[in-house]
Every structure is written in structure tokens, then in C-alpha cells.
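Each remark here refers to the structure printed beneath this line.
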Amino acid sequence: MTKYLSQLLEAKEPHFRQTVQKLESASGYSCNDIRLSENIVTETRKKIRDLGLDPEDTTGEELYYALQEKLRTDDANLVKRLRQISARNVSAAGELSEGIAFAVSQITEGSKVFVIKASVIKRFLEKNAPKKSMKVLGYRSISSMIKHESLGSIVTVALSLEPNIWIKNYEGYLKKISPRDFEERPINVYAPMAKKWQKICAKLMSETKQSVLVNKELGAMLVLPLPSKKPLEGLATVTLAMAAKGINSIYATSSYLRLSQVAGDFGQRIERATSKEPDLGFVDMLNAPLSWETVQRFFHHMSDKLEGSLEEHIGAEEIIGWQPIESLIYKISPEMSFWRGCGHLGMLDEIKPVFFNVLDNGLSLVNHRKYKEHYSHHAQSAIWQELMLRYIKPDMLHEIVNRELAPKLETELVNV
């Protein structure tokens, strides 16, 4: 069964096999790799039947195109729902990006995250005006820009448009700030639709190939305007999935930085966390660094078994707020129920594994990917995370977190 997971993951060998051997040894040979493999096989067969196919003789190619057709139908229904949400709550135009921004904001309403104070960012912008962004948006002074635009939008756009020297100045500034420069603030989701934003959004979409931009250290997200008439098939699904992924990254970075407050290199941790996914350094049992996404998944998965002062230091809202992408999508659009719980499911094929992951399928649909050329990164990442969840134990995580993040932290995890 380790070979089965290795093939699904298209993993490098013998590294993957050695990693599983270490995990098995550390867990007392619990056979969690076998249990996960059996779960994937069983649940995948159920989903194949849900598509009206026979799991006994369905080929990978047949499954892939059936999933593409399913998503094509579900995406069309999602477009209708998002337009309705936008028309009822934002404007009669029923713009998709506004519908996504409003729906995501509703999901995060009431929760707060650990982010840089507005006054601290404002101070940086006043000394380091993002001139290129100002020009595109039609501002002559940074004070006027700060007055009329949100700080989150300004910085998020600037990090995509400004030259490297401005970005390096920003990164250097982050390294110098301390926990005192942070505060708890709601997540802010923006969908700029004003005419002056059209040009800059078109430029961002063209250069970044992204319809969602996220600033984790400010807890801000920009949902860029989508085609108002007939968007590409799958684009609404991909944009909503990327927005959900962005929300998760904000929650995860918030909990990471909240725990990092006692670390001597707090500023460097901020800079690293904003540019890439943070990790807890190399863990011998995993034969690799322990990603913070894995830790965040663990917190969410074990939320009912965590006691002591954990919620005080990490944030109950961050533990509850983080959820699998397909679960967040389902909350917004129940029509997408087929994809719920499918993030890590897949079927082996002689040529290339075929997965049920909604984001991978959405990206394949948007980019007109044929069988053999389809995306699989997000599904494979989800499988790895599922495997880690089965091996990580509270006492082990307690030791790693205390060693790598907060040696002074007095947090207890209940053994299960």
C-alpha cells in the first residue's frame, strides 16, 4: 500500500518509502499508510458510482472527462448563485467578483486575525510611496491614496506592480517590526470595480495569471474583476477556490506569527511567512521540514481534543476558521456538494493518476487541459497532508512547536 500512495503522489523513491518507514517506526507500526490507501480506494469507488460510472471498468481517461463535465455543469450553477449573491447584497450589476468577495466575507465575519497594525503600514507607505501603483490608479500624492483606498489593497497591489527595490524595502521593514506592531483585526476582502481599477486589475490578471491576490500579514484579499458577460468555464470555481485557499493562508499565517511572538527572530519570521509557507524546520521522523499547513490542519482536525492554553496562544477563531477548501466552497454553494471531501481522492492509471480535487479540476477546465496534461498538485498535497494527520500525535507536535517556535510557551495538548 505504500507503493499505491507513492504512485498517486508520483513521489521520488526511495525517499518516500524511507519516510513512511520512519513514520511507521515512530508510531509503533500503526499501518496508517495502509489505512489511508484503503480509504482512498473505497471513497474513490463511491464517487465514481456517483458519476454514473462503473468503478470496475472505468479508465482514467473516462474518469477525467466525466469529472470535467461534472465541474462544467456545477460551475455554471455556481456562476448563477454568485451573481444572485452579488445582485442581492452588493449591486444590481451582479458582478461575479463582488459575489465572491461578499460570500467569503460572510464566512469570515466576526473572526479576527493577528496582523500588522494599520498605523505601522501607513508609516511605511508615507516614507515609501508606491509610485507605479499611484500612477496607474491616478493619485498624485500618497496621502490622497491612503485616504481613498484601503491599506490592504494598496500594499497588495504594490507588491505585484512595484520594482524590486520597493519590494526589498518592504521586506526589510517587516524584519524590523515587533509583536507590539501587531493587532487583532477582521479579514478584509475587496472586489474593486471602479473604472480606475479596471486597468490595474487587467494588468495584474495578465502578469500574475491570478484572479485572487492575498496579503497574509495584513489579512487582506483582492478578488479581481472577472468577465462580466460569459466567463471562461471553470473560472468562477477556480476563483472561489483560490479565495478559500487565501483565507486559509491568512488564518495559518496568523496562528504561526501569534505563536512566534516570543521568538528572537520574530521579524525574520514575518518576512519568511509572507513570501512562502512557513515551516517548523527539519523533523527527522518526517524526513523533511514540517509545514505549518500540516500543523494548522492538525489544529483544525483535533480542535475538540485540545485543552489548556492552546486557544489563548493560537486563537480559537484561527483553529475553527481554517477549513478544507471544498468545505468552504460548499458553504457558499451547496450545489458543489459532490466535491466535498474529495480533495485527496484519486484513481491510479497507467499513464497519470486522476484526481477529484476541485481546484485541480477547475484549473484543468479553465486551461483546456487534455487527459495526461491535467493538474494534480493540489490533490497530491492534500494526500500528503492526510498522511501526516494520521501520524502526528499531540505530544510530538507539542515538542516540535515548543522547540522551534515558542520555547517559553506553556501549552498542553491532550494525548489521544
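Tabulated results
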read-out: Tally of residues being surrounded by 16 or more Cβ atoms within 10 Å (Cβ to Cβ) and not in a helix (DSSP H, G or I) across the stretch 38-52; value: 1
read-out: Selection within the stretch 81-92 - exposed (fewer than 13 other Cβ atoms within 10 Å of the Cβ) and in a helix (DSSP H, G or I); value: GLN84, ARG88
read-out: Matching residues, the stretch 209-228, being more than 27 Å from VAL120 (Cα to Cα) and either assigned to a strand (DSSP E or B) or out of contact with any helix residue (DSSP H, G or I) (no Cβ under 6 Å at 6 or more places or on another chain) (or both); value: LYS209, GLN210, PRO227, SER228
read-out: Any hit, the stretch 63-77, residues being assigned to a helix (DSSP H, G or I) and among the aromatic types (Phe, Trp, Tyr); value: yes
read-out: Subset tally (residues that are surrounded by fewer than 16 Cβ atoms within 10 Å (Cβ to Cβ), touching a residue at least 40 places away in the same chain (Cβ under 8 Å) and under 19 Å from GLY60 (Cα atoms)) for the stretch 1-15; value: 2
read-out: Unmet requirement for ALA129, which otherwise passes all of (1) farther than 14 Å from LEU218 by Cα; (2) in contact (Cβ under 8 Å) with a residue 24 or more places away in the chain; (3) in contact with a helix residue (DSSP H, G or I) (Cβ under 6 Å, 6 or more places away or on another chain); value: (2)
read-out: Unique residue being in a loop (DSSP other than H, G, I, E, B) and among the hydrophobic types (A, V, I, L, M, F, W, C) when the list is MET205, MET193; value: MET193
read-out: Close pairs (6 angstrom Cβ cut-off, 6 or more residues apart or separate chains): without any contact (Cβ under 8 Å) to a residue 24 or more places away in the chain in the stretch 75-94, not in a helix (DSSP H, G or I) anywhere; value: ARG83/GLY94; SER86/GLY94; SER86/GLU95; ALA87/GLY94
read-out: Options ASN361, ASN357: the member that is under 23 Å from the mean Cα position of the chain (by Cα), buried (at least 24 other Cβ atoms within 10 Å of the Cβ) and touching a residue at least 60 places away in the same chain (Cβ under 8 Å); value: ASN361
read-out: Residue count, the stretch 139-190 (criterion: over 22 Å from the mean Cα position of the chain (by Cα), assigned to a loop (DSSP other than H, G, I, E, B) and surrounded by 14 or more Cβ atoms within 10 Å (Cβ to Cβ)); value: 5
read-out: Some residue of the stretch 30-37 being in a helix (DSSP H, G or I), more than 19 Å from ASP349 (Cβ to Cβ) and more than 27 Å from the chain's Cα centre (by Cα); value: yes
read-out: Candidates GLY246, GLY308 - the one that is at pLDDT below 75 and not in a strand (DSSP E or B); value: GLY308
read-out: Qualifying positions in the stretch 264-294 - more than 21 Å from the chain's Cα centre (by Cα), part of a loop (DSSP other than H, G, I, E, B) and within 27 Å of TYR391 (Cα to Cα); value: ASP284, MET285, LEU286, ASN287
read-out: Qualifying residue in the stretch 273-288 (condition: touching a Gly at 6+ places or on another chain (Cβ under 8 Å), modelled with pLDDT of 80 or more and of a type outside the set (Ser, Thr, Tyr)); value: no
read-out: Residue match in the stretch 124-134 (condition: surrounded by fewer than 18 Cβ atoms within 10 Å (Cβ to Cβ) and under 18 Å from TYR190 (Cβ atoms)); value: no
read-out: Subset of the stretch 194-212 (residues that are farther than 13 Å from ILE100 by Cα and either more than 21 Å from the chain's Cα centre (by Cα) or crowded, with 21+ Cβ neighbours inside 10 Å (or both)); value: ALA194, LYS195, LYS196, TRP197, GLN198, LYS199, ILE200, CYS201, ALA202, LYS203, LEU204, SER206
read-out: Hits in the stretch 235-253 - residues which are surrounded by 24 or more Cβ atoms within 10 Å (Cβ to Cβ) and over 13 Å from the mean Cα position of the chain (by Cα); value: ALA236, THR237
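So that you can scan it fast, the table gives a plain yes or no per residue for (1) farther than 27 Å from THR239 by Cα; (2) touching a Ser or Thr at 6+ places or on another chain (Cβ under 8 Å):
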position: VAL115; (1), (2): no, yes
position: SER119; (1), (2): yes, no
position: VAL155; (1), (2): no, no
position: TRP166; (1), (2): yes, no
position: GLU171; (1), (2): yes, yes
position: ILE177; (1), (2): yes, no
position: ILE187; (1), (2): no, yes
position: LYS196; (1), (2): no, no
position: SER211; (1), (2): no, yes
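The values are calculated or read from the model by the stated rules, or taken from the named source; none is laboratory data. In this text the structure is predicted, and so the values were computed from the model without any measurement. Cβ: placed from backbone, ideal geometry, glycine included. Neighbour counts: every protein chain shown.
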